[in-house]
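Novice: The structure that follows is given in the form of structure tokens.
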Amino acid sequence: MTAKKVCVVVGVGPGNGAALARRFASEGYAVALLARTTSTSEALAAALGDARAYACDVTDAASVARTFDAITLDLGPVHTIVYNAGSGTWGTVEDITPDMLEGAFRVNTLGLLLCTQRAIPAMKAQGSGSIVVVGSTASRRGVARTAAFAPAKAAQRSLAESMARHLWAQGIHVALIIVDGVVDSPRARAGMVGKPADSFLSPDAVADTAFHLATQHASAWSFEVEARPFNEPW
């Protein structure tokens, strides 16, 4: 167990998740890295030092409970959650299946509920805490090929807003980042050959925004912040 503040990054891959873990670790947090497997996160945790990687299925209540119990035992009570888990399921209403729609809801919305419910008591006991949700512009509109993704992100946004209205008065800051654009990664570049480099969102820049939200002064908290490249049409 550490005396540092504990940040849980939920959904750690090579993009935003890794950048979020690095950012909070660089600011002196002990970091718990959650992903479905530890194939990527274990090496990152070792490089960060005071960090641990945990395999967690955020759609399964028992898995979430076991993971948060282990984090508390290993690192200490959770102070900050950055919820980056998300299911990018694409298809029109004619393409998607009921399982695809349900799966998107379970990852984006149910997982947020399960993780925050496990952390809220510790945050209350500490008298402060932060929950930062990495959302999407899809939460504001449904386009043809987001028939599963957009409803799940809209539900996630509504849940985050409900949490904020309930928890702010108890000293727990809930905030949402509306990501509008494509996050930079080798996979994204390979799928969008010819797209200008400055049209991608930098994961490190997204992590900077998340850290700013997590450490805002309580007299001027933000709920919803947009993050998009300067040349992204909107």
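The values are calculated or read from the model by the stated rules, or taken from the named source; none is laboratory data. None of these values were measured; they are calculated from a predicted model. A quick note on method: Cβ atoms are made from the backbone with ideal geometry, for glycine too, and the neighbour counts reach across all protein chains shown.
Novice: Restricting the search to the range 176-234, which residues are among the charged types (D, E, K, R) and assigned to a helix (DSSP H, G or I)?
Specialist: In the first step, residues of the range 176-234 are kept if they are among the charged types (D, E, K, R); the result is 180, 184, 187, 189, 195, 198, 204, 208, 224, 226, 228, 232.
Arg187, Arg189, Asp198, Asp204, Asp208 - these are the residues of the range 176-234 that are among the charged types (D, E, K, R) and assigned to a helix (DSSP H, G or I).
Novice: Just checking, which of Phe211, Phe149 is of a type outside the set (A, V, I, L, M), at pLDDT 95 or above and more than 24 Å from His79 (Cβ to Cβ)?
Specialist: On the way: Phe211 fails: more than 24 Å from His79 (Cβ to Cβ).
So the residue among Phe211, Phe149 that is of a type outside the set (A, V, I, L, M), at pLDDT 95 or above and more than 24 Å from His79 (Cβ to Cβ) is Phe149.
Novice: From the list Ser162, Ser130, which one is at pLDDT 95 or above, of a type in the set (S, T, N, Q) and part of a strand (DSSP E or B)?
Specialist: Of the residues listed, the single one that is at pLDDT 95 or above, of a type in the set (S, T, N, Q) and part of a strand (DSSP E or B) is Ser130.
Novice: Can you tell me which residue within the range 122-144, out of those that are hydroxyl-bearing (Ser, Thr, Tyr) and touching a Phe, Trp or Tyr at 6+ places or on another chain (Cβ under 9 Å), is surrounded by the fewest Cβ atoms within 10 Å (Cβ to Cβ)? Break it down stepwise before answering.
Specialist: Step one: list which residues in the range 122-144 are hydroxyl-bearing (Ser, Thr, Tyr), which gives 128, 130, 136-137, 139.
Narrowing the set further to residues that are touching a Phe, Trp or Tyr at 6+ places or on another chain (Cβ under 9 Å) leaves 136-137.
Details: Ser136: 23, Thr137: 19.
Among those that are hydroxyl-bearing (Ser, Thr, Tyr) and touching a Phe, Trp or Tyr at 6+ places or on another chain (Cβ under 9 Å), it is Thr137.
Novice: Taking Ala32 as the residue in question, decide whether it is assigned to a helix (DSSP H, G or I) and either touching a Leu at 6+ places or on another chain (Cβ under 9 Å) or hydroxyl-bearing (Ser, Thr, Tyr) (or both). Spell out how you get there, then give the answer.
Specialist: Working: assigned to a helix (DSSP H, G or I): no; either touching a Leu at 6+ places or on another chain (Cβ under 9 Å) or hydroxyl-bearing (Ser, Thr, Tyr) (or both): yes.
In short, no.
Novice: Output the number of the condition that Val82 fails; it satisfies all remaining conditions of (1) under 19 Å from the mean Cα position of the chain (by Cα); (2) over 30 Å from Gly181 (Cβ atoms).
Specialist: (2)
Novice: Since Ala175 meets every condition but one in (1) touching a residue at least 60 places away in the same chain (Cβ under 8 Å); (2) crowded, with 21+ Cβ neighbours inside 10 Å; (3) over 24 Å from Gly103 (Cβ atoms), which condition does it not meet?
Specialist: (1)
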